[in-house]
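A short write-up of the structure that comes next.
Please treat every number below as a calculation from the coordinates, not as lab data. A quick note: this is a predicted structure, and the numbers were derived from the prediction, not measured. Please note: Cβ atoms are built from the backbone with ideal geometry, for glycine as well, and neighbour counts cover all protein chains shown.
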Amino acid sequence: MTGLADIRSTFLNYFNKQGHEIVPSSPLVPRNDPTLMFANSGMVQFKNLFTGVETRDYKRATTAQKCVRAGGKHNDLDNVGYTARHHTFFEMLGNFSFGDYFKSDAIPFAWELVTKELDIPKDKLLVTVYHTDDEAADIWKKVAGLSDDRIIRIPTSDNFWQMGPTGPCGPCTEIFFDHGDKFWGGPPGSPDEDGDRFIEIWNLVFMQNEQFEDGTRRELDAQSIDTGMGIERVAALLQGTNDNYATDLMRALIEASAHATSTDPDGSGKTHHRVIADHLRSTSFLIADGVMPSNDGRGYVLRRIMRRAMRHAHLAGAKDPLMHRLVPELVRQMGEAYPELRQAQALIEETLKLEETRFLQTLDRGLKLLDEELSGLPEDAALPGEAAFKLYDTFGFPLDLTQDALREKGRTVDTDGFDSAMAEQKAKARAAWSGSGEAADATVWFDLADQHGATDFLGYDTEQAEGQILAIVKDGVQVPALEAGETGWIVTNQTPFYGESGGQVGDTGYLRRLENEDDMARVTDTQKMGGGKVFAHQVTIEAGRFAAPDAVALEVDHGRRSTIRANHSATHLLHEALREALGDHVAQRGSLNAPDRLRFDFSHSAALSADELARVERDVNAFIRQNTPVETRIMTPDDARALGAQALFGEKYGDEVRVVSMGRKSTGKGQDGQTYSIELCGGTHVMRTGDIGAFALTSETASSSGVRRIEALTGDAAMQELRGRDMRLSEIEGLLKVSGDEVVGRVKAVLDERRALQNEVAQLRRDLAMSGGAGQGGGVEAKEIGGIKFLAQALTGVSGKDLPSLIDQYKDQLGSGAVLLIADTGGKAAVAAGVTADLTDKVSAVDLVRAAVPELGGKGGGGRPDMAQGGGADASGAEAAIKAAEAVLGG
Ligand code: SER
């Protein structure tokens, strides 16, 4: 029982038996701490439980926590590889009590675990306590039977543990292991304590105070326990060494590195393999937790570690990218305890390969330049800052990488010179930008981007986080604070809120001040400013006052974000379904991923047929039901295209693109030839396609020439849409008294019937008019005027459309003569006149209509000499109109 995996499970199981909940490690990027770069101890995820701000349904917990210490305060990067116990990544085992047990249980638990479960000989152990903590000393004496000289009182901060400048804290007791006199060193508190002989293996913190910014401390209401045991150190001692790199897990990684470079793990490349083994762990775990290499913040720390490892791989003799080839061994070693590693394996390998490929292209040239610079300098002179900056700027050498390279030669860098070269370059970039014609009020955002760098976006894997306010902007200028009722923009160092881009709308939600959770700002939108670097939350302050550098809890509206995710992922499936149904010419021309709907514009010239629409909708739903995981990877745009990824035409992509894949299909694309949809996309997506729920098309229209637009719904909205359609159909079935397949036939029959009835009614009206039936004022006789038979009649119940056929019938009746008919269409009048062919040279139907129309309150009228029509607004002038027509004949 000395392997690292066994120690981990022994620890967790022991505390589980003592009533502790086994809680998974929190991600390396803390969700609940506004300023901490990476989780650096087990208690980080429980911080609020110690201060009483938060409670959970357990009071005892135990964890194996992933930790990274690189960048920020605890920066061990420079030493890693050269010493026995420095790491950028390590695992901390811990047990925690939240106001439950305290010293008198914590110490016996620790003693039992160390001496019984791990079987570490008692005589090799000694402990320290805080100098005033008599209680802890007494407990040790009683429980462990340690003599006074092995309970060492330490008056310094070494035995008073603080999370940071503020937060929970308390005295601690530490357990040390004596590796024996073959190593140099003295016990803790002695002048030689920094030697390699006495090694701390476990720190038990008695959390009983809270430290505030002004230096004061309060007693916590509840006394708690926070312990941290470095698993690598314990593994080392159980394996008979005091070198963490000689333990089973680290050794396996070192051997993998040596094997891949065909070198001796313990030969001249020993340090390189140690660096590689350590950095492989930190980089892989960081990538698995969503950090991507970049030139800002966490991403830059990752890049620095990666590049340091890559330089050592190069020094170890690797000609091609090496790091990604070691990932399988890491997954073999740690994938079981940390499943996220296995899940992200492809992403880790690709990210490492990409970074290393790119970096190798400049590494040789950079190192050559470094040598040239050094050769021109006196023996022990520091490298000028400008030269270091040039390496950074041109070859991507982070400062610490240059320092690391110089260290082997016993040289240093002028870091002040480096900083001023960096500041000068920023100033130049700004000057260049200010002439670029961007809107004046954009200045404030570029200022913020310069000052604070890019906002860390956490929203791919969380919707809640804590952040620190960096700046507040109102009406285009920075302001110190926003008061209740005011609106403005708040910028934080990190955020889970998605800033509108790529068709996906910005997130909404809430910010709450950690100092007083009643102080609340409603986030009504999120936008990316300052060239896309700065995420700005548009807020209305509901209560309290918000100012920098307040710490805030950021909470995305979960329901809204969930439907946005579903709509965005459905858009990808829709895109692919359209390409399959219509052809490869289909390309995205625009999209909207809103909470309530999705819209997709694409190139295609004709309207989609009902069959095509049905096929597209069916395909999208089939891939939803398939419920396969949605995968995200990072690669170069060229690699992404080689995989068959859909990119937006005309869109500019950076060196690295995010590639989102979903759906499985035997004749698909991608590396395995089985992926359905692959797109370049920075948006947020569902975890599995099944999370989309359902998909319903709502419309298909023309958007512009050659571009069609589809609108659709997902999830509950899709179901409601379908239910609504179903209810309307049921109502129709009820009205028609048929069901199912008969509905369409019945509707067709009803429409046919209606058309037949309309024709019949029209005919009946005409017959009625001809026969002088009801409402027509009796039959009319033709008069003889100027030797022409003239028949004139005002009618009701017929429309203007009926008049020409009535005129024809009257003309037939008369044989030779003229006819004038006026239809009263609800107060308005339609008029028509006809003249039989034999008389058209004597009188024109047009003249008759034109004479009648003014009397009906109209104007004009026209047609042919044998048939003319007109109309007016006033049917009451019918008599006068007939008279006017008679006058035409009589004249
Ligand atoms: N928080 C303490 C430490 O980091 C014990 O877990 O050492």
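Please give the net charge around R8, taking every other residue with its beta carbon less than 14 angstrom from that of R8, where Lys and Arg add +1 and Asp and Glu add -1.
In short, -4.
Show me, bin by bin at 5 Å from 0, the whole-percent P(r) of the range 104-226 based on Cα pairs.
It works out to 2, 11, 20, 23, 18, 13, 8, 3, 1, 0, in whole percents.
Based solely on its DSSP helices, what 222 nm [θ] is calculated for the chain when runs of n ≥ 4 H residues each add -39,500 (n - 2.57) and the sum is averaged over all residues, nearest 500 deg cm²/dmol?
-12000 deg cm²/dmol
Please report the projected area of the range 626-765's Cα convex hull averaged over all directions, in nm².
Quarter of the Cα hull surface area: 14.3 nm².
Ranked from highest to lowest mean number of other Cβ atoms within 10 Å per residue, what is the order of the peptides 285-292, 616-623?
285-292, 616-623
Please compute the alpha carbon radius of gyration of the range 565-670, then divide it by the globular-protein estimate 2.2 N^0.38 Å. Two decimals is fine.
Taking the Cα Rg and dividing by 2.2 N^0.38 Å, one obtains 1.08.
Just for the Cα atoms in the range 558-601, what are the lengths along the principal axes, largest first, rounded to whole Å?
Per principal axis, max minus min of the Cα coordinates gives 36, 15, 9 Å.
Which Rg and Dmax, in Å, describe the Cα atoms of the range 746-891?
Gyration radius and largest Cα-Cα distance of the range 746-891: 15.7, 60 Å.
Nearest 20 debye, what's the magnitude of the dipole of the chain about its Cα centre given +1 on Lys and Arg Cβ and -1 on Asp and Glu Cβ?
Computed about the Cα centre, the dipole is about 2380 debye.
Find the Cα radius of gyration of the range 688-771, compare it with 2.2 N^0.38 Å by division, and give the number to two decimals.
1.81
Helix 248-260 versus the longest principal axis of the chain: what is the Cα-based angle in degrees, 0 to 90, to the nearest 10?
So the inclination is approximately 70 degrees.
Checking the table K426/K528; K319/K409; K353/K428; K116/K142; K319/K428 against a 26 Å threshold on Cα-Cα, which pairs fail?
Flagged as over cut-off: K353/K428; K319/K428.
Ordered by residue, what ³J(HN,Hα) values in Hz, to whole numbers, does the range 597-613 give under the Karplus form 6.51 cos²θ - 1.76 cosθ + 1.60, where θ = phi - 60° and Gly and Pro are x?
5, 10, 9, 9, 9, 8, 6, 5, 8, 10, 5, 7, 6, 4, 5, 5, 4
Kirkwood hydrodynamic radius, the range 1-79, all distinct C-alpha pairs: what's the number in Å?
14.1 Å
Can you pull the percent of Cα pairs in the range 454-498 with separation above 14 Å?
Of the Cα pairs, 52 percent sit more than 14 Å apart.
Give the value in nm², to one decimal: projected area of the alpha carbon convex hull of the range 794-869, averaged over all directions.
4.5 nm²
Note the angle between two axes, namely the Cα long axis of helix 270-288 and the longest principal axis of the Cα atoms of the chain, as a number of degrees from 0 to 90, rounded to the nearest 10.
Orientation of helix 270-288: about 30 degrees from the principal axis.
May I ask for the percentage of alpha-carbon pairs in the range 336-425 that lie more than 17 Å from each other?
When every Cα pair of the range 336-425 is considered, 56 percent fall beyond 17 Å.
W184 versus D447, label points 7 Å from Cα toward the beta carbon: distance in nm?
Rounded to a tenth, the inter-label distance reads 5.6 nm.
From the phi angles alone, apply the Karplus equation (6.51, -1.76, 1.60; θ = phi - 60°) to the range 462-474 and give each ³J(HN,Hα) in whole Hz, x where the residue is Gly or Pro.
With coefficients 6.51, -1.76 and 1.60, one gets 8, 10, 9, 6, 10, x, 10, 5, 9, 6, 10, 10, 9 Hz.
Using θ = phi - 60° and the Karplus form 6.51 cos²θ - 1.76 cosθ + 1.60, what ³J(HN,Hα) does each residue of the range 843-852 get, whole Hz, x for Gly and Pro?
Per residue, the Karplus-derived 3J(HN,Hα) values read 9, 10, 4, 4, 5, 4, 5, 5, 6, 6 Hz.
So how compact is the range 20-134: Cα radius of gyration and Dmax in angstrom?
Taking only Cα atoms of the range 20-134, I get Rg and Dmax of 16.3, 44 Å.
Can you give the alpha-carbon Rg of the chain over 2.2 N^0.38 Å, where N counts its residues?
1.44
Would you kindly give the portion of the calculated P(r) for the range 287-333 that falls above 17 Å, as a percent of all Cα pairs?
Of all Cα-Cα distances in the range 287-333, 44 percent exceed 17 Å.
For a quick check: with amide H placed at 1.01 Å from N, whose amide H comes under 5 Å from H604's, ignoring anything fewer than 5 positions away on the same chain?
V707, R708
Give the value in nm², to one decimal: projected area of the alpha carbon convex hull of the range 296-362, averaged over all directions.
The directionally averaged projection comes out at 4.9 nm².
Out of N627, A607, F546, whose Cα points farthest toward the positive end of the dipole of the range 523-628 (charges: +1 Lys, Arg; -1 Asp, Glu; placed on Cβ)?
So the residue we want is F546.
Which number comes out as Rg/Rh for the range 479-535 once both Rg and the Kirkwood Rh are worked out on C-alpha atoms?
Result for the range 479-535 is an Rg/Rh of 0.97.
Mind listing the long-range amide H neighbours of I785? Cut-off is under 5 Å, sequence gap 5 or more, other chains count too, H placed in the peptide plane at 1.01 Å from N.
F790
May I ask for the net charge around A313, where only other residues with Cβ less than 11 Å from the Cβ of A313 are counted and Lys, Arg are +1 while Asp, Glu are -1?
Once all neighbours under 11 Å are counted, the net charge is +3.
Quick check for me: using +1 on Lys/Arg Cβ and -1 on Asp/Glu Cβ, what's the dipole size of the range 80-122 about its Cα centre, in debye to the nearest 20?
Roughly 220 debye for the range 80-122.
Starting with the highest mean, order 840-849, 32-41 by the number of other Cβ atoms within 10 Å, averaged over the residues of each peptide.
32-41, 840-849
Might you report the magnitude of the Cβ-based charge dipole of the range 676-736 about its Cα centre, with Lys and Arg at +1 and Asp and Glu at -1, to the nearest 20 debye?
Charge dipole of the range 676-736: 140 debye, to the nearest 20.
Search the structure for amide H atoms under 5 Å from the amide H of R153, placed 1.01 Å from N in the peptide plane, and list their residues when 5 or more places away or on another chain.
The answer is V129.
Could you work out how far helix 443-452 tilts from the main Cα principal axis of the chain, as a 0 to 90 degree angle to the nearest 10?
30 degrees
Considering the dipole of the chain built from charges on the beta carbon (Lys and Arg +1, Asp and Glu -1) around the Cα centre, which of H568, A442, P191 is farthest to its positive end?
The residue sitting farthest along the positive end of the dipole is H568.
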